[in-house]
Amino acid sequence: MRKGVMRPGHIQIRVLDMKEALDHYRDLLGLIEVETDSQGRVYLKGWTEVDKFSVVLRVADEPGMDFVGYKVLNNETLEQLNQELIDFGCKVEEIPAGELNGCGRRIRFDSPTGHMFEIYAEKEQTGKWGIAEVNPEAWPRDLTGMKVTRFDHCLLYGPNIAGTLELFQTVLGFDLAEQTLDENGFRIAQFLTVSQKAHDVAFIEHPEPGKFHHASFLLDTWEDVLRAADLISMEDVSLDIGPTRHGLTHGKTIYFFDKSGNRTEVFCGGDYHYPDHPPVTWSADQLGKAIFYHDRVLNERFLTVLT
Amino acid sequence: MTGKKLYRIEVVNRKQAFYCAEDQVLLTGMERQNISCIDVGCRGGGCGVCKVRIIKGEYETKRMSRTHISTTEEEKCFALACQVLPRSDLLIESDQYIALQTSPYQQPKADKTINVKNELRIRI
């Protein structure tokens, strides 16, 4: 049941070096650089995104993900969910408006898998980049690199994904869209949605808490994914796997790494989900095909390389 | 390769060696020669999979995640091979990365590998 959470809004990623990170996120992915704040964090967005920013990069000596934030309908919803998060047992912290430039008050909370999440109701909307608000053209001419359209979702690894599923279902109103079950019915992967997308966030069971597998950015077509692959070779970027298709979500995809070892996905297409749909299930004995539909074999790196 | 110094990198625990140019990190040197004696992860100093110990020789390192190389480990010549530039021939030991626990759905590695890693765990 929907609880007023609308969509993914932002992700803050830790990088070892900002210049190298901008080579990746701005010049290679084609995200739009928005601004740098007083802490030295750099804000970026995909060109189709209406909000001021969706990606925040922070220099640190340990790469990974700080938090991912979701936008809720309004301040009443924010208050309601704040109380429900406390009642659920989350450690909840209020981040004042303006701590991220252009973003309203945020409610930050922890989760059984060890990841930090946020909800917020207000963020400055600067409109889609490079096209007019009224009578918009199809796309702006001066995009660079892969020309990713938006931050789409992230995949997180941690223990007790069942606990995080309960948090996201009961408190935040996400649906379980797709899953992988082992022979005992134990869920080892879960793809959650708060929209019609196959995933707005995904989790894989893993013993270390709070690990970051990838942030994913949307492309329009398979041709765009192949073009991204060409750019990865031209720029000698560290490739993980692809281009290929997933069994889970059926998205067409390629995975590669930023210069700090954080994994990035660009993808297109995939399944849709309505709230009355049962979850799509893959069995663990078909995990290879579930993750890499063409090879049907897992590469160990996909499971073990995390930040 | 004209004008660039090449150094011999011997990986003692795998009984293999490769050559690496002075402006190349060890992992790139190894991958370019289609040799596999250091596990390859993100290639960005973030994931820890290519952790090695340098036994002998001169080298420089680029920035590495503190999650995987603490200050103490750095002083004890541990490094991530994707961030190490050779400054002389090197003797190194690979397979220094130890995942905290094995994920329940991952295939266990061959017994031999596990034994090797357990010995390392004890020694470290």
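Numbers for the structure displayed
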{"quantity": "Residue-level accessible surface for A:Tyr274, protein heavy atoms, 1.4 Å, Å²", "calculated": "90 Å²"}
{"quantity": "Calculated from backbone phi, Karplus (6.51, -1.76, 1.60) coupling profile of the range B:21-32 in Hz, x at Gly/Pro", "calculated": "6, 5, 9, 10, 6, 4, 5, 5, x, 5, 5, 5"}
{"quantity": "Separation of alpha-carbon centers, the range A:15-38 and the range B:56-96, rounded to whole Å", "calculated": "27 Å"}
{"quantity": "Over the range B:1-90, relative contact order from alpha-carbon pairs under 8 Å, at least 6 apart, %", "calculated": "33 percent"}
{"quantity": "Normalised contact order of chain A, rounded percent, pairs of Cα under 8 Å and 6 or more residues apart", "calculated": "18 percent"}
{"quantity": "Solvent exposure ordering (accessible area, 1.4 Å, most first) of A:Val171, A:Val50", "calculated": "A:Val50, A:Val171"}
{"quantity": "FRET efficiency for B:Gln16 and A:Glu300, using Cβ-Cβ distance with R0 set to 25 Å, rounded to 0.05", "calculated": "0.80"}
{"quantity": "Solvent-accessible surface (1.4 angstrom probe) belonging to A:Thr77, in square angstrom, nearest 10", "calculated": "20 Å²"}
{"quantity": "Karplus (6.51, -1.76, 1.60) ³J(HN,Hα), θ = phi - 60°, over the range A:34-43, in Hz, Gly and Pro reported as x", "calculated": "9, 5, 10, 8, 5, 8, x, 6, 9, 9"}
{"quantity": "Lys, Arg +1 and Asp, Glu -1 on Cβ, resulting dipole of chain A about Cα centre, debye, nearest 20", "calculated": "260 debye"}
{"quantity": "The range A:43-160 - charge dipole about Cα centre, Lys and Arg +1 at Cβ, Asp and Glu -1, debye rounded to 20", "calculated": "420 debye"}
{"quantity": "Cut-off under 5 Å, modelled amide H: who pairs with B:Tyr97 long-range", "calculated": "B:Lys51"}
{"quantity": "The protein assembly as shown, helix-only ellipticity at 222 nm - DSSP H runs n ≥ 4, -39,500 (n - 2.57), divided by all residues, nearest 500", "calculated": "-4500 deg cm²/dmol"}
{"quantity": "Label-point gap, in nm, between A:Glu122 and A:Gln39 - each point 7 angstrom along Cα→Cβ", "calculated": "2.0 nm"}
{"quantity": "Protein-only accessible surface order, largest first, of A:Ile232, B:Ile35 at 1.4 Å", "calculated": "B:Ile35, A:Ile232"}
{"quantity": "Cα centroid of the range A:231-265 to Cα centroid of the range A:194-220, whole Å", "calculated": "14 Å"}
{"quantity": "Long-range HN-HN contacts of A:Lys211 with modeled amide H, under 5 Å", "calculated": "A:Tyr157"}
{"quantity": "For A:Trp282, solvent-accessible area (1.4 Å; no DNA, RNA or ligand), Å²", "calculated": "40 Å²"}
{"quantity": "Relative contact order (%) - criterion: Cα under 8 Å, at least six apart; region: the range A:53-127", "calculated": "33 percent"}
{"quantity": "Dimensions in Å of the protein assembly as shown - Rg and Dmax from alpha carbons", "calculated": "22.1, 68"}
{"quantity": "Whole-Hz couplings from phi, Karplus 6.51/-1.76/1.60, listed for the range A:60-77; x for Gly and Pro", "calculated": "8, 8, 10, x, x, 10, 6, 6, 10, x, 10, 8, 10, 4, 6, 5, 4, 4"}
{"quantity": "Built amide H within the under 5 Å cut-off of A:His153, gap 5+", "calculated": "A:Ser216"}
{"quantity": "The protein assembly as shown: Cys lacking any partner C-beta under 4.7 angstrom", "calculated": "A:Cys90, A:Cys103, A:Cys154, A:Cys268, B:Cys20, B:Cys37, B:Cys50, B:Cys77, B:Cys82"}
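The values are calculated or read from the model by the stated rules, or taken from the named source; none is laboratory data. Predicted, not measured: the structure shown is a model, and the values here were computed from it. Here the Cβ is made from the backbone with ideal geometry for all residues, glycine too, and neighbour counts use every protein chain on show. To get the accessible areas, we keep the full protein, side chains included, count just its heavy atoms, and leave off ligands, DNA and RNA. Shrake-Rupley method; radii C 1.70, N 1.55, O 1.52, S 1.80 Å.
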